[in-house]
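Asks: So that we are looking at the same thing, I have put the structure below in structure tokens.
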Amino acid sequence: MTSPGVILYGPPTSGKDTTTAELSRLDDRYALLPKLKTGSGRSTGYRLVSEEEREKLRSSGRLVVETHRYGNVYAIDRQDIADLVDADRVPVVHMGNVADLQRLRAAVPLAWTSVLLWVPREVCAKRSEHRGDSDTPKRLRAWDETLADLRATAETPVFNAIIHTDQTDATDTARRIIAAVAAGPGEPITVPADLM
């Protein structure tokens, strides 16, 4: 049987960090996959690497996905996923666009359960302000980009579950994801038109 993995996709403030923490609290096998980050800003949840280090990893074929956002470069190291799987952990990966999500699923053969965490734009703004983000306008642009990404890929079902995190709490969200992982990814579903 293929090892499980979870991909959380959603706009800023949709609850990716909160959901991951709750997954780990409910079942300590779930572990955030730290992305590599080259750049500035927040460092929690990332493994900071220089451009030279990232280039060496890319040259050796270890980088699965690279994303440019907020003036930084984020990447996923194939070895970090393998290390979690070898330790009988369930990698939880945060993704910012559907193309990278699909690239990850194609490059790393786990039983990926892809979950769209969603909040309306006005909820994104309130949550960003409430948590003290200094770059709320950038977060809202990223929300707009996420919606555009979903619209552009609407014909290709990629998610196994869609959860509105403004309508449920973190514990219920995590329990739903754990149940989806236990059931196996199954066939992806289409994002409903009323979301977009």
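The values are calculated or read from the model by the stated rules, or taken from the named source; none is laboratory data. Since we're looking at a predicted model, the values are computed, not measured. Note: ideal-geometry Cβ built from the backbone for every residue, glycine included; neighbour counts use all protein chains shown. These area figures cover heavy atoms from the full protein model, side chains too; ligands, DNA and RNA do not enter into them. Shrake-Rupley method; radii C 1.70, N 1.55, O 1.52, S 1.80 Å.
Asks: Which members of the stretch 66-93 meet the condition of being at pLDDT 95 or above and touching a Phe, Trp or Tyr at 6+ places or on another chain (Cβ under 8 Å)?
Replies: Residues satisfying the conditions are Arg89, Val90, Val92.
Asks: What is the residue count in the stretch 21-39 for residues that are in a helix (DSSP H, G or I) and open to solvent by 10 Å² or more (accessible area, probe 1.4 Å)?
Replies: The number of residues fulfilling the criteria is 5.
Asks: So, one more: Every residue in the stretch 2-20 that is open to solvent by 60 Å² or more (accessible area, probe 1.4 Å) and either at positive phi or not in a loop (DSSP other than H, G, I, E, B) (or both), please.
Replies: The answer is Asp17, Thr18.
Asks: To continue, here is another question. Among residues belonging to the stretch 167-194 that are of a type in the set (Asp, Glu) and loosely packed, with under 11 Cβ neighbours inside 10 Å, point out the one that is nearest to Arg89 (Cα to Cα).
Replies: Top of the filtered list is Glu187.
Asks: Limited to the stretch 35-75, what total is found for residues that are farther than 15 Å from His94 by Cα, touching a strand residue (DSSP E or B) at 6+ places or on another chain (Cβ under 9 Å) and not β-branched (Val, Ile, Thr)?
Replies: Count: 13.
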